[in-house]
1. Whether any residue in region 30-53 is among the acidic types (Asp, Glu) and open to solvent by less than 30 Å² (accessible area, probe 1.4 Å) is what I want to check.
2. What number of residues in region 41-64 are closer than 20 Å to Asn2 by Cβ and assigned to a strand (DSSP E or B)?
3. Within region 54-67, track down each residue that is surrounded by 11 or more Cβ atoms within 10 Å (Cβ to Cβ) and either in contact with a Ser or Thr (Cβ under 8 Å, 6 or more places away or on another chain) or of a type outside the set (Asp, Glu) (or both).
Amino acid sequence: MNKQLSLPELINELPVGKIAKAHFADENWYVTRRTDEAIVYCSEEGWFMDGLIPLTYSNLNAKYEIL
């Protein structure tokens, strides 16, 4: 398993085009950084799925793993 990051650490470390898997409670989801530097939800393959990740309780308290 890769290093577990908080959201602030992910913001600093996630390169453009890379995917990170989020872990919170019993849920997992994926995010990526677009070329405009925005961090957005995506599929496991990196396809854009939704808008910018909001500062919700789950996003703020999740642990992220850059894949």
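The values are calculated or read from the model by the stated rules, or taken from the named source; none is laboratory data. Given the structure is predicted, the values throughout are model-derived calculations rather than measurements. Because the Cβ atoms are built from the backbone with ideal geometry, glycine has one as well, and the counts that use them run over all protein chains shown. Accessible surface is based on the protein model in full, side chains and every heavy atom, while ligands, DNA and RNA are left aside. Shrake-Rupley method; radii C 1.70, N 1.55, O 1.52, S 1.80 Å.
1. Applying the first criterion (among the acidic types (Asp, Glu)) to region 30-53 yields 36-37, 44-45, 50.
From the residues that got through so far, the ones that are open to solvent by less than 30 Å² (accessible area, probe 1.4 Å) too are none.
No, every residue in region 30-53 fails to be among the acidic types (Asp, Glu) and open to solvent by less than 30 Å² (accessible area, probe 1.4 Å).
2. Number satisfying all stated conditions: 4.
3. Here is the first cut: in region 54-67, the residues surrounded by 11 or more Cβ atoms within 10 Å (Cβ to Cβ) are 58-67.
Within region 54-67, Ser58, Asn59, Leu60, Asn61, Ala62, Lys63, Tyr64, Ile66, Leu67 qualify.
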